[in-house]
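Please read the structure below before turning to the comments.
We did not get these values from a lab; they are worked out from the coordinates using the rules stated. Only a predicted model underlies this, so the values are computations on that prediction, with no experimental measurement involved. Glycine gets a Cβ as well: all are built from the backbone with ideal geometry, and neighbour counts include every protein chain shown.
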Amino acid sequence: MTYSELRDPRLSGVQFTHVAFSPDLSVCRVWYLPGSADGETTAASLKAASGYMRKRLGESFRLRRQPELRFVLDESIARGEALEDLIEDAVRKDQAARK
């Protein structure tokens, strides 16, 4: 499945960062980063497109039942940036204390 198949401009630039299936394949959690739209608009657009996406997944993987798609906003990059800022701040304070 490609972005062009979804035909929803609100999903332009959305990046899927991680996918995890439940052991019985009934649920598929999909982590994403919003593209050009804000997080809430992207979440609503993904929810609206989930029926089509489920159908295409079922066809692509030849599953008897299509998994329920649950979209999760990936906050790992924001957390990583915050951690990086904390480390840089600690290094600056350490260097200032040594002078």
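As a summary of the residue check, Ile87 satisfies the conditions (1) out of contact with any Leu (no Cβ under 7 Å at 6 or more places or on another chain); (2) buried (at least 16 other Cβ atoms within 10 Å of the Cβ); (3) β-branched (Val, Ile, Thr) except for the one numbered (2). The residue that is nearest to Leu6 (Cα to Cα), among those in the range 49-75 that are surrounded by 14 or more Cβ atoms within 10 Å (Cβ to Cβ) and of a type in the set (S, T, N, Q), is Ser50.
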